[in-house]
Amino acid sequence: MSFPEIEIGRGPRDTALRSDAVAGALAERPGDKLHTPPTQPMPHPPPSRQHTMYDPLTGLPNRTMLRNALLAALSPAATQRPVGLCHLDLDGFTAINHTLGHDVGDQLLQMIARRLAVLLGEGCLLARTGSDEFTVLVTSCSHVTDVTNIAESILQAIRLPMDIGGRRLQVTASIGVVADDPQLGSAHELMSAAESALAQAKSAGRDRYRRFDPDLHARQLARHEIARALPQALARGELFVEYQPMVRADDGELHGVEALARWRHPQHGVLGPAQFIPVAEEHGMIDEVGMFVLRTACAQAGTWKARHPSHPLVMSVNLAPAQADDPALPGLVAGLLAQHGIDPAMLQLEITESSMMPTAGQAVETLRALARLGVRIAVDDFGTGYANLTNLRSLPVHHLKLARQFVTPPDDELAERVDCVLIATVVRLARSLGLGVIAEGVESQAQAQILRRLGCDVFQGYVYGRPQSADAIDARLSARSGQAPESRGRQR
């Protein structure tokens, strides 16, 4: 197994020497066998305090004792140099419990506790703070490098094989590292920062450490706040929909609109979909948000059809992967079409390439059921995902929507030539399969001229209109037909 990239300025030779030192101290010796007492005995507290201050499985201090020690280290009376934390958990520990049994899992935790107790010297307090979580409080560090050196030593010690019940196991860990920071003035803030850094280490691939990144942590807190407030936002009616025009490439006439979710946040103003839709997907709220947008868009499409029967508009709505996995979606869509008197061909649902990767499964069955209703299916951001092109032959797709990256102005002449070749290739592929091509991100007439020459059918972009209120689209339709728009309460 390769070692993670060292982030504290040590070269490969230093890393190798350190790994050898850890192996020499810990590997293949009686003190590392489970049923042999550790070289350094585990602490044995008075019986009256053992239950509340120490972990019964490993004999290590528990979270309560760690917190008390951290509070003492941060107190004005403390004489220690800046403190640091290494917060770690084992990668894949749940799978070990499920496959080998909890007894093996417990023995693994005990062995790791003993290894780390032997490894860590004075100035370090090792505590078990969760099921497979350990935290090291470092009170003798003079610089963050001291803490990262300890983190690297812990990783190398845990990587060494362990013999448990006749099995030879090799596990890894992820570690979040934080050193004393003036902005992290409390024990709670330090622990929260260490947990955030641990999450960063896991998302980076595991078997590594990551130092606390305050900017990333702030973004994570913002996402948490979004997730907490989103259900109330739906209940209070803070979400609304704007519509971005799509025009025909040949004559520039309005072809349709894309419905885009917005959130009128009481503190942060109007938020675009990129700021809350990924959070809704991550926290299982995309069904509610997606159905709100779909219902709102279908109701608006019905209103425009009644007011402008001679100018039908395609209503394009994004469909999240979780929505495509819902077998009830076709029935809900059929009900909305009937309720608002919409021609199914005037509703277009946009899916991402990842939604169309398999040719079997619930998502595909849902898309086929929608297509049988007469609803149009478009593949959004085509060219940026991992879809198998052969799936286009068997899945109910009607349009390919070019990824914005292909359409935006190139940085140099070479990029322009490459982009043109890619777009022309996609257009030829679409034509051979009987599909239309939509180009989004069109920001100039010069771009539009090139895309028209390459064969794109529909344009969407700021040069043809930014996302706007339903009333603005209604006024555009009225102007085209010479009809005065109705006076209605407008969205603010």
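The values are calculated or read from the model by the stated rules, or taken from the named source; none is laboratory data. Remember, it's a predicted structure, so these values are computed and weren't measured experimentally. Heads up, the Cβs are rebuilt from the backbone with ideal geometry, glycines too, and the neighbour counts pull from every protein chain shown. Each accessible area value is taken on the protein alone, full model and side chains, heavy atoms only, with ligands, DNA and RNA left out. Shrake-Rupley method; radii C 1.70, N 1.55, O 1.52, S 1.80 Å.
So what's segment 182-276 giving for Cα Rg divided by 2.2 N^0.38 Å, two decimals?
Cα-based Rg divided by the globular estimate yields 1.61.
Between Val314 and residues 5 or more places away or on another chain, which pairs have amide H atoms under 5 Å apart, with H built 1.01 Å from N, and which residues are they?
Gly256, Val257
Counting only protein heavy atoms and using a 1.4 Å probe, what share of the accessible area of segment 435-482 belongs to carbon plus sulfur, as a whole percent?
50 percent
On a full-extension model of 0.36 nm per residue, what is the gain between Arg223 and Leu433, subtracting their alpha-carbon distance, rounded to one decimal in nm?
71.5 nm
Amide H of Asp91 versus every other amide H placed in the peptide plane: which residues, excluding those fewer than 5 positions away on the same chain, fall under 5 Å?
Close amide H contacts, sequence-distant or interchain: Thr172, Ala173, Ser174.
Output the peptides 471-477, 339-345 sorted from most to least packed, where packing is the average of other Cβ atoms within 10 Å over each peptide's residues.
471-477, 339-345
Report the net charge of residues surrounding Ala403, where surrounding means a beta-carbon distance below 14 angstrom and charges are Lys +1, Arg +1, Asp -1, Glu -1.
Local net charge: -4.
In whole percent, and with a 1.4 Å probe on the protein chains, what portion of the accessible area of segment 167-222 is carbon and sulfur?
46 percent
Report the extension gain between Thr408 and Glu253 in nm, rounded to one decimal, defined as 0.36 nm multiplied by the number of residues separating them, less their alpha carbon distance.
Residue separation times 0.36 nm, minus the Cα-Cα distance, leaves 53.6 nm.
If you count, for each residue, the other Cβ atoms within 10 Å and average over each peptide, how do 193-206, 215-228, 269-282 line up from highest to lowest?
193-206, 269-282, 215-228
Please give the FRET efficiency for Ser192 paired with Asp106, using the beta carbon to beta carbon distance and R0 = 22 Å, rounded to the nearest 0.05.
Once rounded, the FRET efficiency stands at 0.20.
Work out the FRET efficiency for Leu216 and Thr384 from their Cβ-Cβ distance, taking R0 = 30 Å, and round it to the nearest 0.05.
That gives a FRET efficiency of 0.80.
Sorted by packing (mean other beta-carbon atoms within 10 Å per residue), highest first, where do 106-115, 82-91 land?
82-91, 106-115
Stretch Gln232-Tyr462 to full length: gain in nm at 0.36 nm per residue minus the Cα-Cα span?
This chain segment gains 79.6 nm when fully extended.
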